[in-house]
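Q: My questions all concern the structure below.
The values are calculated or read from the model by the stated rules, or taken from the named source; none is laboratory data. Since the structure is predicted, the reported quantities are computational estimates derived from the model, not experimental observations. Cβ: placed from backbone, ideal geometry, glycine included. Neighbour counts: every protein chain shown. Heavy atoms of the whole protein, side chains included, go into the accessibility calculation; ligands, DNA and RNA do not. Shrake-Rupley method; radii C 1.70, N 1.55, O 1.52, S 1.80 Å.
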Amino acid sequence: MTLSRREFVKQSGLALSFAVAGTTKLLSPADAYAEGIAFSVLSDEEVNNINAICSILVPGAKEAGVAHFIDHQLNADPNDSLLVLKYFGFPPPYLDFYRPVVSAIAKLSQSMFDKNLSDLDEKEGRKLVESFRDANPEGWQAPPAPLAYHALRNDAVDVVYGTPEGFEKLGVPYMEHILPPEGWS
Amino acid sequence: MKTNEKVDVVIVGTGAASSVYAALLAEAGKSVVMLEKGTARKLTDLYSSQTWARRLKWATPHVMEESKDSIWYNFNAGHGYGGAAIHHYAVWPRYHPEDMKEYSLYGQALDWPYEYDELRPWYDKVMMDVGMSGDAEKEIWRPAGDPYPLPPVLVSNHGKVLARGFEALGMHTSPIPMAILSQPYKGRQACIWDGWCDAGCPTGALANPLVHYIPRAVKAGASLRPDSHVTRVLMDNKGVRANGVEYYDSEGVKHVQHADLVVLGAFTIENPRILLNSATSKHKNGLGNSSGMVGKYIMSHPAVTAFGMFEEETQNHIGATGGQLLNQDRFPKEKGSFGSQQWEVALALKPNDLLGIAMSRADLFGSDLHSFMKKASRSMTSMVAVVEDQPMIENRIELSSKKDKFGMPLALAKHTWHEETRKLFHDTAKEGLKIVKAAGATQAWHSPPGGQHIMGGTIMGSDPEKSVTNENAQCHDIPNLVLGGGGIFPTSSCVNSTYTIHATAMKSSRYIADHWGSIVS
């Protein structure tokens, strides 16, 4: 059976309301990325850095809309937040987590390779992640680096594998009971 | 400030204990109001997504931790109608008789103010109310109780593969006892084994509070008020009886709700927080705290998950989140690593979230992670051990110097596992690897420790100088102030707490309904 676009988005399992030209659209983060929906909290530089580091952590994270997902959630009431960070005891507002850790990872890239995050090759990306995954690297000025690793990795996992598309990639049936109920508005 | 019309009973919370109190007292003809700090929620709000499931947990910090071993508040507590029980996995083993008299039998830990035989009828009653699936004969460790009304939950290849490992080591497995319907029951549909329990089950197959006791309470006339942040229990002028609570609504308006009976069922951490914040000139250390025991003996089960990778397909995506099989061979308590331990075997897995496949190897990233995800989705196994935490008086909840937006001090948790508990945990983790390897795994590994099922802090006891409540969960100091939830447990056993929360709440509710006149006058 071929799904209509609306049905597909409703079945994405991660459809979120994005403001578009004065109206609200229900989009998956992947669709928001594809449509180039504007960001409301994150700067262009932060978006680029989130896309780059999350794609090193989980290939496909950029195209799955990880930056749109995080940006959208930073606008939400923390108690309604879908970010895994709420489990880790970091108090809201969560921008106070993402802004410094993304900046710190970008600086680490510069200090280790004299390159922007988005310019790292696979080997460099791996060395970068291994330098902050388990402990704060020297000069780290942000919330704990291992927490940054786990939170960003989980965000990327959520958008790449936590949706029906992600389940399908893994060959696992989604078997939903109820999908997010919002429609186009 | 708004003063609401007085009711017979005000209940703080809408979770497992609160919903039982509400149903039974409303059905006994009492006017009942339930106050929920979180949001209003109905079954149709429970979306099938591990990402959306996080709405069921708090983000706003109510608890600061100065713990060596975290109690994992954010993961365990619940936000909204149904409380923590809305996202619980419905694994419902019973406490064993020895769990309730550990001091008498072993000279260690504490005694409950009654023995298992007094709780048994309430376990049986709750079981028949909500419907449970299991096999009492095969569950060889099970204490005395009526047979399960429903046949066991599904066992997929996941359970069969792991059962081989237990069998190879001479260990036993049985169907896991669950408050999930294996067949239709009292108008509710059976489970379809899709593994979305953690996201909150909207079908009615899993006995969360929105399925059974809250609807019963509402049918009998109880009302629920969401976004109601209770800060204090109020006392009469003599300081002898509770006469209501103070709370703030979502607009920040302060309310007073007077009642003849106050039930605190606001989760293990919130109950002592509210009691300590309710100090008056006649109760300078907080309500119910003449013994100094409010907040003391906080417990949290250490849990470890053992994973295996196999050549064969394990069908790990189907079943219930809480598992398919049970093992309690290591229930007897031994000196040196005192405490009980149980395995919940073959947990249904999803790719993401804390208990998801990706987190089982949190060290992997990039192409290595993707290769792992592909293989693990097909051939991984998972089983979790729950380990008994010992009650220690130094593990406690206090009030923090930090305050919430209503000016109420946050809770401050201080918790460290007993050295014997730590040893038992490490022995358990090793045992898990042995079992998985014996089942034929090509790789075996285990998780770091996590904390499940927060208990204690307002414990029951026979001695008013050493406990907060009596055997009916009434405060020793204030008989019309009642405590609900795992906070009243003097010991933690190693079993999941929600079934016993229901049973103890039902025992207390029935006593209160039967002795209403003497309790509230």
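Q: Could you say whether any residue in region B:90-102 is crowded, with 24+ Cβ neighbours inside 10 Å, closer than 19 Å to B:P226 by Cβ and touching a Gly at 6+ places or on another chain (Cβ under 8 Å)?
A: Within region B:90-102, none of the residues are crowded, with 24+ Cβ neighbours inside 10 Å, closer than 19 Å to B:P226 by Cβ and touching a Gly at 6+ places or on another chain (Cβ under 8 Å).
Q: Still on this structure, please answer the following. Cβ-Cβ below 6 Å, separation at least six or inter-chain, first residue in region B:131-159 and under 19 Å from B:D99 (Cβ atoms) and of a type in the set (K, R), second modelled with pLDDT of 95 or more and part of a loop (DSSP other than H, G, I, E, B): which pairs?
A: Final answer for the pair search is B:R142/B:A136.
Q: Here's something else I'd like to know. Identify all residues within region B:279-302 that are open to solvent by 10 Å² or more (accessible area, probe 1.4 Å) and among the hydrophobic types (A, V, I, L, M, F, W, C); write none if there are none.
A: If we filter region B:279-302 for residues that are open to solvent by 10 Å² or more (accessible area, probe 1.4 Å), which is where we start, we get B:279-285, B:289-293, B:296-297.
Once the filter is applied, which keeps residues that are open to solvent by 10 Å² or more (accessible area, probe 1.4 Å) and among the hydrophobic types (A, V, I, L, M, F, W, C), region B:279-302 yields B:A279, B:M293.
Q: Let me ask something else. Restricted to region B:181-210, and to residues that are within 15 Å of B:L46 (Cβ to Cβ) and in contact with a Lys or Arg (Cβ under 7 Å, 6 or more places away or on another chain), which residue is most open to solvent (accessible area, probe 1.4 Å)?
A: B:L210
Q: Provide a single number: the residues in region A:78-105 that are at pLDDT 95 or above and over 23 Å from B:A362 (Cβ atoms).
A: Total meeting the criteria: 4.
Q: Follow-up question, since we're still on this one. When the residues of region A:64-93 are filtered to those that are more than 14 Å from A:N49 (Cα to Cα) and among the acidic types (D, E), which remaining residue is farthest from the other protein chains (Cβ to nearest Cβ)?
A: My answer is A:D77.
Q: Quick one: in region B:48-64, of everything that is more than 7 Å from every other protein chain (Cβ to nearest Cβ) and over 18 Å from B:A358 (Cβ atoms), which residue is most open to solvent (accessible area, probe 1.4 Å)?
A: Among them, the one singled out is B:M64.
Q: Here's a follow-up. If you check A:F88 against the conditions, is it touching a residue at least 60 places away in the same chain (Cβ under 8 Å) and open to solvent by 20 Å² or more (accessible area, probe 1.4 Å)? So that I can check it myself, show each step before the final result.
A: Details: touching a residue at least 60 places away in the same chain (Cβ under 8 Å): yes; open to solvent by 20 Å² or more (accessible area, probe 1.4 Å): yes.
So A:F88 fits the description; yes.
Q: Could you tell me whether B:K350 is crowded, with 19+ Cβ neighbours inside 10 Å, within 13 Å of chain A (Cβ to nearest Cβ) and closer than 25 Å to B:S174 by Cα?
A: Working: crowded, with 19+ Cβ neighbours inside 10 Å: yes; within 13 Å of chain A (Cβ to nearest Cβ): yes; closer than 25 Å to B:S174 by Cα: yes.
Criteria met by B:K350.
A quick yes/no check of all residues on (1) more than 10 Å from chain A (Cβ to nearest Cβ); (2) open to solvent by 30 Å² or more (accessible area, probe 1.4 Å); (3) acidic (D, E); (4) within 18 Å of the chain's Cα centre (by Cα):
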position	(1), (2), (3), (4)
B:G29	yes, yes, no, no
B:E36	yes, no, yes, yes
B:E66	yes, yes, yes, no
B:G78	yes, no, no, yes
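Q: Another question, if that's okay. Quick test of your reading of the structure: A:G162 fulfils all but one of (1) facing chain B (nearest Cβ under 9 Å); (2) among the small types (G, A, S); (3) without any contact (Cβ under 8 Å) to a residue 60 or more places away in the chain. Name the failing condition by number.
A: (3)
Q: Suppose we filter B:L264, B:L276 for residues that are touching a Leu at 6+ places or on another chain (Cβ under 7 Å) and either within 14 Å of chain A (Cβ to nearest Cβ) or surrounded by 24 or more Cβ atoms within 10 Å (Cβ to Cβ) (or both); which single one remains? Outline the logic, then answer.
A: Numbers: B:L276 fails: either within 14 Å of chain A (Cβ to nearest Cβ) or surrounded by 24 or more Cβ atoms within 10 Å (Cβ to Cβ) (or both).
The match here is B:L264.
Q: Every residue in region A:106-134 that is more than 13 Å from chain B (Cβ to nearest Cβ) and not charged (D, E, K, R), please.
A: Here is the first cut: in region A:106-134, the residues more than 13 Å from chain B (Cβ to nearest Cβ) are A:106-119.
A:A106, A:L108, A:S109, A:Q110, A:S111, A:M112, A:F113, A:N116, A:L117, A:S118, listed by residue number.
Q: Could you list, in sequence order, all residues of region B:353-381 that are aromatic (F, W, Y) and at the interface with another protein chain (Cβ under 7 Å from one of its Cβ atoms)?
A: The initial filter retains those residues of region B:353-381 that are aromatic (F, W, Y), namely B:365, B:372.
Answer for region B:353-381, where residues must be aromatic (F, W, Y) and at the interface with another protein chain (Cβ under 7 Å from one of its Cβ atoms): just B:F365.
Q: Continuing with the same structure: Scan region B:390-402 and tell me whether some residue there is open to solvent by less than 10 Å² (accessible area, probe 1.4 Å), part of a strand (DSSP E or B) and over 30 Å from B:N285 (Cβ atoms).
A: Initially, region B:390-402 is screened for residues open to solvent by less than 10 Å² (accessible area, probe 1.4 Å), giving B:390, B:395, B:397.
With the extra rule that they be part of a strand (DSSP E or B), the set shrinks to B:397.
Among the residues that remain, those that are also over 30 Å from B:N285 (Cβ atoms) are: none.
There is no residue in region B:390-402 that is open to solvent by less than 10 Å² (accessible area, probe 1.4 Å), part of a strand (DSSP E or B) and over 30 Å from B:N285 (Cβ atoms).
Q: What do you reckon, is B:R216 within 22 Å of the chain's Cα centre (by Cα), surrounded by fewer than 20 Cβ atoms within 10 Å (Cβ to Cβ), basic (K, R) and more than 19 Å from B:L46 (Cβ to Cβ)?
A: Values: within 22 Å of the chain's Cα centre (by Cα): yes; surrounded by fewer than 20 Cβ atoms within 10 Å (Cβ to Cβ): yes; basic (K, R): yes; more than 19 Å from B:L46 (Cβ to Cβ): yes.
Yes, satisfied.
Q: Return the only residue of B:V384, B:V436 being more than 14 Å from every other protein chain (Cβ to nearest Cβ), in contact (Cβ under 8 Å) with a residue 40 or more places away in the chain, part of a helix (DSSP H, G or I) and surrounded by 22 or more Cβ atoms within 10 Å (Cβ to Cβ). Quick ask: steps written out before the conclusion?
A: Numbers: B:V384 fails: part of a helix (DSSP H, G or I).
Answer to the check: B:V436.
Q: Please give the number of the condition B:K375 fails out of (1) part of a helix (DSSP H, G or I); (2) surrounded by 19 or more Cβ atoms within 10 Å (Cβ to Cβ).
A: Result: B:K375 fails condition (2) only.
Q: B:A362 fails exactly one of the following numbered conditions: (1) touching a strand residue (DSSP E or B) at 6+ places or on another chain (Cβ under 6 Å); (2) surrounded by fewer than 19 Cβ atoms within 10 Å (Cβ to Cβ). What is the number of that condition?
A: (1)
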